[in-house]
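> After the structure tokens below, expect a handful of questions from me.
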Amino acid sequence: MMENNNMEWIAMSDKAIVAQIGAFIKEQRLQNNKTQSQIAEEAGVNRSTLSQIENGEAISMLSLIQIMRVLGILHLFETFKVTHEVSPLELAKMDQQKRQRASTKNNDDTSKSDW
């Protein structure tokens, strides 16, 4: 089911994606029961900027982040988080490097060879 959602986004034009984001922002604003002016003021952007995104026009990424912060939806950016995943090959190499046995230090000089 997730793949179908991805296919929808892939098939959309850039303009259509911007329009979809704008519709989402508008819906979130209305769910928060706030006017464009209220959100714009809290976000530190012009009301016209908020109006632009809600009408499917492109705005700067910085403005979008400011608006999303005010709407409490920054968690949506979690998808962009970069994490380092260990590949199975790396995991196997790390496992081979693990110590397999404990050894005791032998500080007795008499057991050393003179060779």
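The values are calculated or read from the model by the stated rules, or taken from the named source; none is laboratory data. Note that the structure is predicted; figures quoted are calculated from it, not measured. Cβ atoms come from the backbone with ideal geometry, glycine included; neighbour counts cover every protein chain shown. Keep in mind that these areas ignore ligands, DNA and RNA; they rest on the heavy atoms of the full protein, side chains included. Shrake-Rupley method; radii C 1.70, N 1.55, O 1.52, S 1.80 Å.
> Going through region 18-32 one residue at a time, which ones are open to solvent by less than 50 Å² (accessible area, probe 1.4 Å) and either in contact (Cβ under 8 Å) with a residue 40 or more places away in the chain or in contact with a helix residue (DSSP H, G or I) (Cβ under 6 Å, 6 or more places away or on another chain) (or both)?
Within region 18-32, Val18, Gly22, Ile25, Gln28, Arg29 meet the criteria.
> Check Ile53 against each of (1) within 17 Å of the chain's Cα centre (by Cα); (2) in a helix (DSSP H, G or I) and name the one condition it does not meet.
Exception for Ile53: condition (1).
> While we're on this one: State all residues of region 39-68 that are over 15 Å from Ile21 (Cβ atoms) and open to solvent by 80 Å² or more (accessible area, probe 1.4 Å); if no residue qualifies, say none.
Passing the criteria: Glu41, Glu42, Asn46, Arg47.
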